[in-house]
1. Being among the acidic types (Asp, Glu) and closer than 18 Å to residue B:56 by Cβ is the filter; apply it to the stretch B:167-201 and report the residue that is most open to solvent (accessible area, probe 1.4 Å).
2. What residue, among those in the stretch B:132-162 that are in contact (Cβ under 8 Å) with a residue 24 or more places away in the chain and out of contact with any helix residue (DSSP H, G or I) (no Cβ under 9 Å at 6 or more places or on another chain), is farthest from residue B:233 (Cα to Cα)?
3. Of the residues A:272, A:264, which single one is modelled with pLDDT of 95 or more and either touching a Phe, Trp or Tyr at 6+ places or on another chain (Cβ under 6 Å) or basic (Lys, Arg) (or both)?
4. Output the residue which, of all residues in the stretch A:115-131 that are over 19 Å from residue A:27 (Cβ atoms) and in contact with a strand residue (DSSP E or B) (Cβ under 6 Å, 6 or more places away or on another chain), is farthest from the other protein chains (Cβ to nearest Cβ).
5. Consider the stretch A:172-192. How many of its residues are within 13 Å of another protein chain (Cβ to nearest Cβ) and either in contact with a Gly (Cβ under 8 Å, 6 or more places away or on another chain) or not in a helix (DSSP H, G or I) (or both)?
6. What are the residues in the stretch B:35-65 that are β-branched (Val, Ile, Thr) and not in a strand (DSSP E or B), if any?
7. May I ask you to list pairs of residues, at least six apart or on different chains, whose Cβ atoms are under 7 Å apart, with the first in the stretch B:266-279 being more than 9 Å from every other protein chain (Cβ to nearest Cβ) and over 18 Å from residue B:303 (Cα atoms) and the second being assigned to a helix (DSSP H, G or I) and not β-branched (Val, Ile, Thr)?
8. Taking the stretch B:144-170 on its own, how many of its residues are in contact with a Ser or Thr (Cβ under 7 Å, 6 or more places away or on another chain) and assigned to a helix (DSSP H, G or I)?
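The values are calculated or read from the model by the stated rules, or taken from the named source; none is laboratory data. Just so it is clear, the structure is predicted and the values come from calculations on it, not from any experiment. Here the Cβ is made from the backbone with ideal geometry for all residues, glycine too, and neighbour counts use every protein chain on show. Areas reflect the complete protein model, heavy atoms only, side chains present, ligands, DNA and RNA absent. Shrake-Rupley method; radii C 1.70, N 1.55, O 1.52, S 1.80 Å.
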2 protein chains.
Amino acid sequence: MTARDIAPAGVHIAEIASFHLGGHAVRLSGRPKRVMQVSGDGIRREVDMNGTHVTGQLYTQQIRLMQPRHSAPALFWHGGGMTGAAWETTPDGRPGWQWLFLRAGFDVLVTDAVERGRASWSPWPEIYRTAPIFRSKEESWTLFRIGADQNYADAPEHRVPFEGQRFPVSGFDALCAQLVPRWTDHDELSLCAYEQLLRKVGPVNLIVHSQGGWFALNLAHRIPELIRAVVLLEPAGAPSLSAEQLHRAASVPHLVIWGDYFDRTPQWRTYREPVTGYARQLAQAGGRIDILDLPDHGIRGNSHLPMMDDNSEELAARVIDWLVAQD
Amino acid sequence: MTARDIAPAGVHIAEIASFHLGGHAVRLSGRPKRVMQVSGDGIRREVDMNGTHVTGQLYTQQIRLMQPRHSAPALFWHGGGMTGAAWETTPDGRPGWQWLFLRAGFDVLVTDAVERGRASWSPWPEIYRTAPIFRSKEESWTLFRIGADQNYADAPEHRVPFEGQRFPVSGFDALCAQLVPRWTDHDELSLCAYEQLLRKVGPVNLIVHSQGGWFALNLAHRIPELIRAVVLLEPAGAPSLSAEQLHRAASVPHLVIWGDYFDRTPQWRTYREPVTGYARQLAQAGGRIDILDLPDHGIRGNSHLPMMDDNSEELAARVIDWLVAQD
């Protein structure tokens, strides 16, 4: 399949649904009751936060086609500091991968991970142990590999991105408006909810970004039978696996996509190295792992956010081609 | 239009998009930098939260039909402690109002208000002034008018709802999984973002729940030209308006829908009284405000969440009939 096969306009949809999944109940006690104005001018009521709260759940929006053309859905997991909105409209207003994959005939699921977006989050230190971290525009500029540290400016017209940058820099402020806080000690909580999701909706074509890659590679060996194929956009790290784990993960076809400017952002080499090691070990274990290093293929200028870059539609078509070829 | 006119299956959709809107940039400084593990086992990086952050933005998902049958879209605003997920699948798995209105020929927009869900939130006390509040299952049971305080139990099979309760009690835990924290001092921040949204997408058919009603009634007199009609499901309070403000709001047709069990939950009488006063004053000012008190029409058993109750499809059809009649 190529980009030309994507229908030009309109999708016949059977259902748009959503659900929360996973998590567990915890009890808060000993917090003082307060009388507060909560909604409406001057109307006060007692607020009592003691009692039972749900924590650790994730959110999924599920869109089913009337006539899907592929047997397994595309399931999207966002990266750290983001939500499912990362797969919707690009920051400069073009169709996101959610829509492109629907047009290409996939049923699509988009999640908000535990603690992010519509999945909700819990108070600390009462339920979560630690405080969250928040990503600034400055850090986003650097870590998303848009430009050099010193070339960020408050005024959009004074920002100087890397030469040839494909991220739509006119949408950088729109990107930053979609960032959400994150916690750094919830890997197992998130993995548990993601695993429950795969048990409910799998097998799937799993398409993940950044920190979502870390989660996906931790599940590929736990439940390979529920992952038809995994596409890793700029995965942030990879686990060290035992021979037995590698053997299990090797039954899942992997595609890894890397953008440009790694030599300009040393932190990203740190995340990339373990993925290179993982790929070598998986191949040695007989697994299929294709590495699409875009600059090596003459495609320069992609940021850490290839699904938002100016060639996002071309990259989606490549991913779709690859997924179809795994049949 | 009646429920029978809603197409039985499938909707031809032209676009699923989303955007963040509103908010402003604020600068954090003086927070210590920390080296932390953020994503990936054992990989550490410096986390620096100082810098520029966006605060006060909202999130909107926008679904456009290939052939809308109404000139103005349906715009949904959720209530306090909730997100746009409130308009998606009901807690027991039936189609939500988002889907029912798409099937009935409306373009649909669903928002997450400032500080809720995909809209993101900001740290306190650095940016927000106060801490948020969290809604427990116990408080939800009472304030959503599912049952009496003393009849909530941890075990679903031991919960005793009000007699004739239409809320799908089997989905009560699923409802609680979608609750999000809220702040109590952000009315103006939220109104500002909602007003920007109406300026971008209006005029709209505005359909709001609970705290969303408070926001809608505050905007009906500020920008009546952008609200074709407003449907208030169980609005949580109403503002006191001047004669001039009433005159402006009176150009917007209002429909208010009330469920059952007000005599069992005194707090709700407190929220309802100002709405009754608002309605009387608006009618005196020449405005049209229809009150659909469901028990008065022989429809008993609705909770504070009529869009999730077992007659949600019938109520959607009534609202659609009313919206069509405003032409």
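1. That would be B:188.
2. Checked the stretch B:132-162; the qualifying residue farthest from residue B:233 (Cα to Cα) is B:132.
3. Within the list A:272, A:264, the selection yields A:272.
4. Looking at the filtered set, the residue picked out is A:119.
5. 10
6. Correct list: B:38, B:43.
7. What qualifies is B:278/B:217.
8. Residues flagged as in contact with a Ser or Thr (Cβ under 7 Å, 6 or more places away or on another chain) and assigned to a helix (DSSP H, G or I) within the stretch B:144-170 amount to 1.
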